[in-house]
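Nothing in this text is a laboratory measurement; each read-out follows from the coordinates by a stated rule. A quick note: this is a predicted structure, and the numbers were derived from the prediction, not measured. Neighbour counts run over all protein chains shown; Cβ positions are idealised from the backbone, glycine included.
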Amino acid sequence: MSKPIFIVRFPYIPDQDRERFERHHEQISEQLSDYHVLSLIDGESERVEFECYNSPHTEIEFEEIKKMVMETLKVSQ
């Protein structure tokens, strides 16, 4: 079976540092090694949002993954 896809949509922030964005992506990818992680800046989004495709995990497990990612973002800011 192929890896599921986990998408992280960051809101557009005018002064956002590209290096920090890339660091966030790398940290999330390391933590979710069983997923293909795609990070993008979404001009339509007002907050960090998540999507997951082809995942064998339950909704509760998905919520735990989202919580873990948000904690990673708080620590690395």
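The residues in segment 43-67 that are closer than 17 Å to Ile5 by Cα and surrounded by 13 or more Cβ atoms within 10 Å (Cβ to Cβ) can be counted, and the count is 9.
Among the residues making up segment 13-62, those that are in contact (Cβ under 8 Å) with a residue 40 or more places away in the chain, over 17 Å from Lys74 (Cα atoms) and either β-branched (Val, Ile, Thr) or assigned to a loop (DSSP other than H, G, I, E, B) (or both) are Asn54, Ser55, Pro56, His57.
Condition test on Ile28, is it more than 10 Å from the chain's Cα centre (by Cα), among the aliphatic types (A, V, I, L, M) and under 19 Å from Asp17 (Cα atoms)? No.
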